[in-house]
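Before any comments, here is the structure.
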Amino acid sequence: MNNNILVTGGAGYIGSHACKALQRAGYTPITFDNLETGWAEVVKFGPFEKGDLRDRARLDDVFDRWKPKAVMHFAALSQVGEAVRDPGKYWSANIGGAVTLLQAMADHSCRDIVFSSTCATYGDQDGVLLDEATPQRPINAYGASKRAIEDMISDFGATYGLNSVIFRYFNVAGADPEGEIGEFHTPETHLIPILLDVASGERDKVTIFGTDYPTPDGTCIRDYVHVSDLVDAHVAGVHWLEAGKGNRVFCLGSSRGFSVREVIAEAQEVTASQIRTEIGPRRGGDAARLVSGSVAAARDLGWQPARSTLSQMIEDAWRVHQTLQHPGKRAS
Ligand code: UFG
């Protein structure tokens, strides 16, 4: 058996970091990505197959040639605000991609999948700490599409013997500690990279989306986890499946919540810059508070986040922001 792992979305932020972790762990990550939101420049740790998941013939070709022993499925649209504005786009890309991928896996006898899900599947739960047993009640098409894929994986498991590890992430942040890859979106919508753009003078200010949430300072609270810790869990997920330990869901967070204002204060500290802010209205689809209360990944997967303090995440992201060129911002 070869050590090939098909990484859908391997040209994206989390997918590219996963490829690096897989290569380091002795696997060959085969990136499959349509480059709609990803960058060929970050595919540095294994072969690249450009393609869209909804193109079954292209997927068949890739499965035939690489015969992956497992799949890590990251490829998806993932912006909450955009999902509220254009839900059809989310249902089409995320569901269409997943169903084609799962059917191809079944037909090519590829039985192990690690799936990138999200705490956005929980919706707004009134401040409770979230874990694997919390009921999922998504409040936007992004979260709803990810929950539907979780259900799809369970159905394919029952019929075709597909084995799965599903990770529900909290807010992923930071960048490769060795500075080889980072977070590159166009347009950028995530809080921390926007703060770094303001700190470096590439943006004028950040808009705080709502200060009237039922939280101590009125801004939304999120649980941030370092991308390098997150992808370590994914490698542990592959080992879990190789050991035949069965289907599982794990939340991946740091069990600490930070408000938007607290993140801004920390970013000012790390970058030693004043970050100009303005107050704006709430952004549709945002939950007031999303914080993990899960211990399952630590207990059962042996997952120990090493870099998931807020200052470390911002520091790592800041270093890459200063040293690596954003592939979408090249001078033309
Ligand atoms: N925010 C602002 N101003 C901005 C950008 C963000 O105030 O310019 C706020 C948001 O309203 C939110 C918080 O900062 O309260 C974090 O927002 P992000 O856009 O960085 O992250 P999200 O929480 O919206 O979503 C991210 C990923 C999703 C994932 C989710 C899990 O994009 O894929 O985390 O919480 F599902």
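A short reminder: the numbers here are calculations on the coordinates, not readings from a lab. Note that the structure is predicted; figures quoted are calculated from it, not measured. With ideal geometry, Cβ positions are generated from the backbone for all residues, glycine too; neighbour counts draw on all protein chains shown.
Here are the numbers:
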{"read-out": "Relative pair counts by distance (%), Cα atoms of the stretch 237-290, 5 Å bins", "value": "4, 12, 14, 15, 13, 11, 8, 9, 8, 4, 0"}
{"read-out": "From phi via Karplus (6.51, -1.76, 1.60), per-residue ³J(HN,Hα) for the stretch 182-189 in Hz, x at Gly/Pro", "value": "x, 9, 10, 10, 9, x, 7, 10"}
{"read-out": "Over the stretch 33-138, volume per residue of the alpha carbon convex hull, in Å³", "value": "138 Å³"}
{"read-out": "Quarter of the Cα convex hull surface for the stretch 177-263, i.e. its orientation-mean projected area (nm²)", "value": "8.3 nm²"}
{"read-out": "Placed amide H near Ile166: partners under 5 Å, 5+ positions off or other chain", "value": "Phe115, Arg248, Val249, Phe250"}
{"read-out": "222 nm mean residue ellipticity, helices alone, for the chain (DSSP H n ≥ 4; -39,500 (n - 2.57); rounded to 500)", "value": "-11000 deg cm²/dmol"}
{"read-out": "Cβ-derived FRET efficiency at R0 25 Å, Ser92 paired with Asp61, nearest 0.05", "value": "0.65"}
{"read-out": "Added length on full extension, which subtracts the Cα-Cα distance from 0.36 nm per residue, Gln268 to Glu36", "value": "80.3 nm"}
{"read-out": "Karplus-derived 3J(HN,Hα), 6.51/-1.76/1.60, for each residue of the stretch 51-60, Hz, glycine and proline x", "value": "x, 9, 4, 7, 9, 5, 4, 5, 5, 4"}
{"read-out": "Normalised contact order of the chain, rounded percent, pairs of Cα under 8 Å and 6 or more residues apart", "value": "19 percent"}
{"read-out": "Length released on extending from Ala243 to Val99, taking residue separation times 0.36 nm less the Cα-Cα span", "value": "49.3 nm"}
{"read-out": "Ellipsoid equivalent to the chain - semi-axes via the Cα gyration tensor, in Å", "value": "31, 22, 19"}
{"read-out": "Fully extended contour minus Cα-Cα distance, from Asp126 to Thr159, at 0.36 nm per residue", "value": "8.2 nm"}
{"read-out": "GNM flexibility winner over the chain from Gly246, Gly285, Gly46 (Cα, springs under 10 Å)", "value": "Gly246"}
{"read-out": "Mean separation of Cα contacts under 8 Å (6+ apart) over length of the stretch 10-130, as relative contact order %", "value": "23 percent"}
{"read-out": "Candidate lysines - alpha carbon under 23 Å from Lys44, same-chain residues fewer than 8 apart omitted", "value": "Lys20, Lys67, Lys69, Lys329"}
{"read-out": "Rounded to whole Hz, the Karplus (6.51, -1.76, 1.60) HN-Hα couplings of the stretch 25-37, x for glycine and proline", "value": "8, x, 9, 10, x, 9, 7, 10, 7, 8, 6, 5, 10"}
{"read-out": "Virtual spin-label span in nm between Lys205 and Arg24, 7 Å along Cα→Cβ", "value": "4.0 nm"}
{"read-out": "Helix 96-107 vs. the chain, principal-axis angle (Cα, 0 to 90°, nearest 10)", "value": "30 degrees"}
{"read-out": "The stretch 4-54: relative contact order in percent, alpha carbon pairs under 8 Å with at least 6 residues between", "value": "39 percent"}
{"read-out": "C-alpha center-to-center spacing [the stretch 1-64, the stretch 231-289] in angstrom", "value": "23 Å"}
